[in-house]
Amino acid sequence: MLYKCSIPMLIGLILLANCTKTPLVAIGSQTGNSARAEASSQPLAPVQVPTDPQPADISPTEPAKYVFFTFDDGPNSHYTGIILDILKKYGVKASFCVIGNNIEKNPEVLKRIVNEGHGVVNHTYSHDYDKIYASPGAFLEDLQKCNQAIASLTGKNVRVYRAPGGDPKLNKETYALLSKKGYISLGWNVTSGDTDPNGATPEQVYGNVANGVVKMEKMNKAPIILMHDGTEINLSLSSPGTATLNYIKNRESDVAALPKIIEFLQAKGYTFAVVDEKTPPAW
Ligand SMILES: [Zn+2]
């Protein structure tokens, strides 16, 4: 608080040396920089500077932190819609690595993905390892077939692809052929573990993602998170102990963990970016 001296008081000022002895500036507020700048010439009490920077204290001049959320193997008639609802609720974007076969089954879901501003990545037409990894030409043909399925519904010519099983599945010849044709590979550097054959819990899915993101932060890399919205499944096969049932358990864990994962990333100040040709490589 500032005490001003009135003119009559100026006379008394000479006599009353205690007129200015009241402190002029309150120190201690985290947002009190301007107040500090107005401080009198009297030495200030030492201000405690936190040694441990808090995530919420990101300077506006700091470059944006990007995270890329990717969901593989859809569009799925059940889980993709649930995931889209969650993303919409939080106002964040993701990218969907779609399979041509599933586009034929769920064309409206792909349209919804695009209409709501999410990214689309080519994840081959068949996702059949025996077929696509038979030769470089076989992979290219399958990829192009998926591209046609995407383009016929959305008008998009998607150049980014994700190889089923990841880049290591591609031999040099296939990779070179795809690059020559203008296709760009998308990997990942954070996995949710949602393909656990025993079925992951929501806590495990969240923990895997959170730990992976922290690891990428230490490496100064933009996290590219791998999750699955999943392919179509035959529910009649989902008796206890079957792989199908654990597959469903994984998808349920994904949707249960997703809000917490989004909140974790938002608290860390991430911007949710959509995958495109300029997305930085995962590694
Ligand atoms: Zn896949």
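The values are calculated or read from the model by the stated rules, or taken from the named source; none is laboratory data. Note that the coordinates shown come from a computational prediction; the quantities given were computed from them, not determined experimentally. Ideal geometry is used to build each Cβ from the backbone, glycine not excepted, and the neighbour counts take in all protein chains shown.
Only residues that are away from the ligand (no atom under 15 Å from the Cβ) and either closer than 18 Å to TYR270 by Cβ or under 17 Å from the mean Cα position of the chain (by Cα) (or both) were counted across region 83-126, and they come to 17.
Residue-level check: of (1) surrounded by fewer than 16 Cβ atoms within 10 Å (Cβ to Cβ); (2) not assigned by TED's automatic domain parsing to the domain that holds TYR125, GLU263 misses just (2). Evaluate the following for LYS93: is it of a type in the set (Lys, Arg) and within 23 Å of ILE261 (Cα to Cα)? Yes. In the set ASP142, ASP194, only one residue is within 30 Å of SER239 (Cα to Cα) and not aromatic (Phe, Trp, Tyr); that residue is ASP194. Residues in region 229-268 that are of a type in the set (Val, Ile, Thr), modelled with pLDDT under 95 and not in a loop (DSSP other than H, G, I, E, B): THR244, ILE248. Among the helices (runs of 4 or more DSSP H) confined to region 57-134, there are none with at least 2 residues that are outside the structural domain of GLU217 (by TED's automatic domain parsing) and hydroxyl-bearing (Ser, Thr, Tyr).
Of the listed requirements (1) away from the ligand (no atom under 16 Å from the Cβ); (2) of a type in the set (S, T, N, Q); (3) crowded, with 17+ Cβ neighbours inside 10 Å, ASN250 misses just one: (1).
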